[in-house]
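To keep things clear, I will list the structure first and then write my remarks on it.
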Amino acid sequence: MVAHVVAPAAEIPPGARHVTEAAGKRIVVFNLGGEFFALADRCPHQGGPLSAGPVMGAVHSDCPGQYAYDRRGEILRCPWHAWEFDIRTGRSVFDPKRIKTRAYEARTACGAELQAETFPVRVEERYVVVEV
Ligand code: FES
């Protein structure tokens, strides 16, 4: 891996994103409350530009009739066909019913296929650095 300086950390404030290119790959870096995460700027479905997608939270339910909206600002929606990805891991967001069934095994395999490429990212002094 080669370290790639993305930008001064101060230029990517919490809630912001920054698109860069390293080793011929477009990468989008997100600041989630002071933590930096980097995803390939290419949706694993059909190559949509993830950096152009809206960021939102997730709705989950533990039982019928009750739901909660959480993880605000941590879920990225592809602008082309609305597939959603966890910014922290690059993994796609699935229907919880599928996760609870045998499909869980398929989901695990499928999750690996649907995972956006991620890169280690850290802050060195005042600069965000991505390992590519
Ligand atoms: S290209 Fe991203 S959901 Fe289809």
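Laboratory data are not the source of any read-out in this text; all were calculated from the coordinates shown. Computed from a predicted structure; not experimentally measured. No Cβ is skipped: glycine too gets one built from the backbone with ideal geometry, and neighbour counts run over all protein chains shown.
Can you tell me, using C-alpha contacts under 8 Å and at least 6 residues apart, the relative contact order of the stretch 28-92 as a whole percent?
On the way: 108 pairs, mean separation 17.3, N = 65.
In percent, rounded to a whole number, it is 27.
Would you order ASP86, ASP70, ASP41, ASP62 from fewest to most other beta-carbon atoms within 10 Å of each residue's own beta-carbon? List each step's numbers first, then the result.
Numbers: ASP86 18, ASP70 11, ASP41 23, ASP62 8.
So the ranking, lowest neighbour count to highest, is ASP62, ASP70, ASP86, ASP41.
I need the calculated FRET efficiency for the pair TYR69 and LYS25, taking r as the beta carbon distance and R₀ as 35 Å, to the nearest 0.05.
On the way: r = 33 Å, r/R0 = 0.94.
Calculated transfer efficiency: 0.60.
At R0 = 25 Å, how high is the FRET efficiency between GLU131 and HIS60 if r is their beta carbon distance? Nearest 0.05 is fine. Could the numbers behind the result be given before it?
Working: r = 32 Å, r/R0 = 1.27.
Given R0 = 25 Å and the Cβ-Cβ separation, E is 0.20.
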